[in-house]
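Below is one structure, written out as structure tokens; the observations come after it.
The values are calculated or read from the model by the stated rules, or taken from the named source; none is laboratory data. All values derive from a computational prediction rather than experimental measurement. Don't worry about glycine lacking a Cβ; one is built from the backbone with ideal geometry, like all the others, and counts go over all protein chains shown.
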Amino acid sequence: MEKFAKKCSITGLGINAGFCFFDGETIIKDEYEAIKYAKKLGYKSLDKAYEASIYYWTEWEIEEGEDYYNEKGEIISNN
């Protein structure tokens, strides 16, 4: 089973890389959904949202002992 560090706020699927809005309040897997979300927030483009420091793109890793997600976005406890 592949392990994922985060869960996409839009699709609910597990992810290890994506767009992080508002320092993790909203995490989005793919660019298409990130563009839609930026426009929903009132930005003309994803670039404009980036210039306003609304989001950044990043990769996440699972630290030893942390809970993680499966592909379906179900949380797996490491406790």
**OP:** Please work out if residue 18 is out of contact with any helix residue (DSSP H, G or I) (no Cβ under 9 Å at 6 or more places or on another chain), surrounded by 12 or more Cβ atoms within 10 Å (Cβ to Cβ), of a type outside the set (Asp, Glu) and within 25 Å of residue 78 (Cβ to Cβ).
**Re:** no
**OP:** Check 67, 23 and return the single one that is of a type in the set (Asp, Glu) and touching a strand residue (DSSP E or B) at 6+ places or on another chain (Cβ under 6 Å).
**Re:** 67
**OP:** Collect the residues in region 48-65 that are of a type outside the set (Val, Ile, Thr), surrounded by 13 or more Cβ atoms within 10 Å (Cβ to Cβ) and under 12 Å from residue 3 (Cβ atoms), keeping them in residue-number order.
**Re:** 60
Original post:
When residue 19 is evaluated against the numbered criteria (1) farther than 27 Å from residue 2 by Cα; (2) among the hydrophobic types (A, V, I, L, M, F, W, C); (3) in a strand (DSSP E or B), which criterion, by number, is the only one it fails?
Top reply: (1)
**OP:** Please find, within region 23-65, the residue that is farthest from the chain's Cα centre (by Cα) out of those that are at pLDDT below 95 and either of a type in the set (S, T, N, Q) or assigned to a helix (DSSP H, G or I) (or both).
**Re:** 23
Original post:
For region 66-79, what are the residues that are over 14 Å from the mean Cα position of the chain (by Cα) and acidic (Asp, Glu)?
Top reply: 66, 67, 74
**OP:** Kindly indicate whether any position in region 29-36 is surrounded by 12 or more Cβ atoms within 10 Å (Cβ to Cβ) and closer than 21 Å to residue 2 by Cα.
**Re:** yes
